[in-house]
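Notes for the one structure printed next.
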Amino acid sequence: MEKLLEEFSLGLFFWQCLLFGLLLFLLWKFAWKPILNAVNDREDGIKDALAAAENAKKEMQNVTADSERLLQEARAEREAMLKEAREIKEKMIADSKEQAKIEGDKMLKQAQATIESEKKAAVADIKSQVANLSVDIAEKVIKEQLSAKDKQLKLVEDMLGDIKLN
Amino acid sequence: MLFSFYKNAVHLHRFLGTDRIRNMRTVFTKLLFAVLLVFSTSSFALETEVSDAPKKDLKTEIKEYIDHHLKDSHDFSLFSYTTDSGEHKYVGFPLPIILWDNGLKVFSSSKFHHGETVAEVDGNHYKLYHSKIYKTDASGTINYDENHHATNSKPIDFSITKSVVMIFITGLLMFLLFGGLAKSYAKNGGIPTGVGRFFEPIVLYIRDDIARPNIGEKKYKRYMPYLLSIFFFIWFLNIFGLTPLGVNVTGNIAITFALALLTFLFTNFTGTKDYWMHIFDPLGDTLPWYGKLFLYPILIPIELLGVVIKPFSLLIRLYANMQAGHIVLMSLIGLMFLFKSWLGSPLSFGLAFAISLIEVLVALLQAYIFTMLSALYFGFAAVEHDHAEAH
């Protein structure tokens, strides 16, 4: 202890207090304050930036979800539209088939009726013509067969012969 | 024996001085240079004692040299050597001496001729004896008491000593360094440049791992400038003490006393009501008043003693650690001269080298401990309880 006290130099103590006090004041003013402020500002900036990034991420997620939803909707809509179109198409085809069938049947029936009536008319015509022809032929044959005397006699005889047989 | 070794060192020094640039490229020379750094410290160490007592044995010489080194010096000598004709040459520069002896006396320390002559100023005679200035008669007689202590009167010494110069240089360095760091933030958009990149993490470490946990989020900002200042001040001075300049500033009791005094003053002037309650009413509501009447005459003096002992431990710890480090290092270097053998000298050199590496660590560690404990004491002072039960 005595050695320590002997070693103690008042002058050095005085200079140390003076210089260190001065240094403390100068550093306080010109170094530590701006350094700590700058570091604080930077840290706050980093915190803010991180929060902003987090927000942006969330926003982004929302946007993505939204667009996903929209896309889904659009897809469903397209699907529905396609389905509808297909149905309409099928219906149209079916309808037109039906229509065509009905029309065809109608035409067929008409044709058949026409044919039938034509046929009837033709048959009637043929019948009348055949009758006329038969009458003509019969007239001609009769005229031929009864043109001569003997032939007329023969006929009478044949006929008489037949009656006999009966 | 010592001289021859010492001369060798000087020769080496000259050799290296002239041919250094050419040889610098080789690893060998770098090694040699490292060795030389140690040698130059030792040569510097020898300076005044050699002339005082050339007949002393080597051990005493080394002991005296170490003693001398540990003390503050009135001139800034880098190293000294002896010419072939036996004349002492000193390399360095004198510093101003400022004395208060019935009036201010200012003169250059060159008047003392490194303690060899008596300085005469305004009719008064002063002599340098064991790094202290004594008032003497014209022939420089020093009177001793029975314990071999000088009894001459001592003028109050406000000299700009080697330590003061180093404090000034360190302060200037810190101001330029951290002022520059502060400016680089503004210039570079909040990001440090250059050496600031090295020092900024340390500043942040002191803030986040020393100040915040010990003092608390609310009040730490108030103490930050002081904590940062003492940390870098002590660290830089410790490191300077390890350079071949060998200025043992933080191993000086006056310096550590001044630093610890500041911590003491800061602690007690910023002390909250709760802090003082801890000292004068340590038991709080846990004891009825009649119990306190018996206990407090013992407890309060103990608490008050604690207030003083805390910073006192700071001053002794730093002083003793730096002093001890220097003594061990110098002694190991001294051993090289004592051994003078191919085995012993390299061995003590290796040891000295290892110890200097440890000392680099100790330099940082002591600065850290001083700062850490200061922060801890500030934490006690800044304490605030929400309710009295916490006492």
Area of A:Glu79 that stays accessible when all protein chains are in place (1.4 Å probe, Å², to 10): 110
Computed accessible area, B:His148, all protein chains, 1.4 angstrom probe, square angstrom: 110
Mean accessible surface per residue for region B:96-159, computed with a 1.4 Å probe while every protein chain stays in place, in Å²: 54
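Per residue of B:184-196, what is the mean number of Cβ atoms on other protein chains within 10 angstrom of that residue's Cβ?
Per residue, the number of nearby Cβ atoms from other chains is 2 on average.
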Peptide-level mean, for A:34-47, of C-beta atoms on other protein chains within 10 Å: 5
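For region B:96-159, divide the Cα radius of gyration by the Kirkwood radius and give the resulting Rg/Rh value with two decimals.
The Rg/Rh ratio comes out at 0.94.
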Amide H within-cut-off set for B:Asn152, under 5 Å, with H built and near neighbours excluded: B:Asn143
Centroid-to-centroid separation of region B:278-293 and region B:86-143 [C-alpha atoms, Å]: 58
5 angstrom amide H check on B:His125, placed H, neighbours 5+ away: B:Thr136
Whole-Hz couplings from phi, Karplus 6.51/-1.76/1.60, listed for region B:266-283; x for Gly and Pro: 4, 4, 7, 7, 9, x, 7, 4, 4, 4, 6, 4, 4, 7, 9, 9, x, 8
Average accessible area per residue (Å²) across region A:15-165 - probe 1.4 Å, nucleic acids and ligands excluded: 84
At q = 0.12, 0.20, 0.21, 0.24 Å⁻¹, base-10 log of I(q)/I(0) for region B:76-126 (Debye sum, equal scatterers on each alpha carbon): -0.34, -0.74, -0.79, -0.93
Summed buried accessible surface, chains B and A, 1.4 Å probe, nearest 100 Å²: 3700
Spin-label zone in region B:196-229 - amide nitrogen under 20 Å from a point set 7 Å from the Cα of B:Ala186 along the C-beta vector: B:196-197, B:200, B:225
The protein assembly as shown: translational diffusion in µm²/s, Stokes-Einstein, Kirkwood Rh over Cα pairs, 4 °C, 1.567 mPa s: 39
Phi to ³J(HN,Hα) by Karplus 6.51 cos²θ - 1.76 cosθ + 1.60 over region B:152-163, Hz, x for Gly, Pro: 4, 6, 10, x, 5, 9, 10, 5, 7, 8, 4, 5
Shielding by partners - mean other protein chain Cβ count within 10 Å, residues of B:124-130: 0
16 Å Cα-Cα reach of B:Lys71 towards aspartates and glutamates, excluding residues that sit fewer than 8 places from it in its own chain: A:Glu2, A:Glu6, A:Glu7, B:Glu47, B:Glu49, B:Glu61, B:Asp157
Accessible area of the protein assembly as shown belonging to carbon and sulfur atoms, whole % at 1.4 Å probe: 66
As computed over region A:15-165, the Cα convex hull volume per residue (Å³): 195
Helix A:10-27 axis, angle to chain A major axis (alpha carbon atoms, nearest 10°): 30
Sequence of B:Trp100, B:Trp235 when ordered by accessible area, the most exposed leading, probe 1.4 angstrom: B:Trp100, B:Trp235
Separation between Cα centres of region A:26-42 and region B:320-391, rounded to whole Å: 30
Region B:322-391, relative contact order in percent, only Cα pairs under 8 angstrom and at least six apart counted: 25
Unsatisfied cross-links (Cα-Cα over 28 Å) in the set B:Lys89/B:Lys162; A:Lys119/A:Lys140; B:Lys89/B:Lys135; B:Lys59/B:Lys132: A:Lys119/A:Lys140
Dipole magnitude of the protein assembly as shown about its Cα centre (Cβ charges: Lys, Arg +1; Asp, Glu -1), debye to nearest 20: 1180
Chain-alone versus full-assembly comparison, region B:252-275, residues with accessible loss of at least 40 Å² (1.4 Å probe): B:Ile253, B:Ala254, B:Ala258
Spatially proximal lysines relative to A:Lys120 (Cα-Cα < 24 Å; intrachain offsets below 8 disregarded): A:Lys106, A:Lys109
Partners for A:Lys33 among lysines (Cα-Cα distance below 20 Å; same-chain residues under 8 apart left out): B:Lys183, B:Lys187, B:Lys218, B:Lys219, B:Lys221
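The values are calculated or read from the model by the stated rules, or taken from the named source; none is laboratory data. Computed from a predicted structure; not experimentally measured. Please note: Cβ atoms are built from the backbone with ideal geometry, for glycine as well, and neighbour counts cover all protein chains shown. The area values use the complete protein model at the heavy-atom level, side chains included, leaving out ligands, DNA and RNA. Shrake-Rupley method; radii C 1.70, N 1.55, O 1.52, S 1.80 Å.
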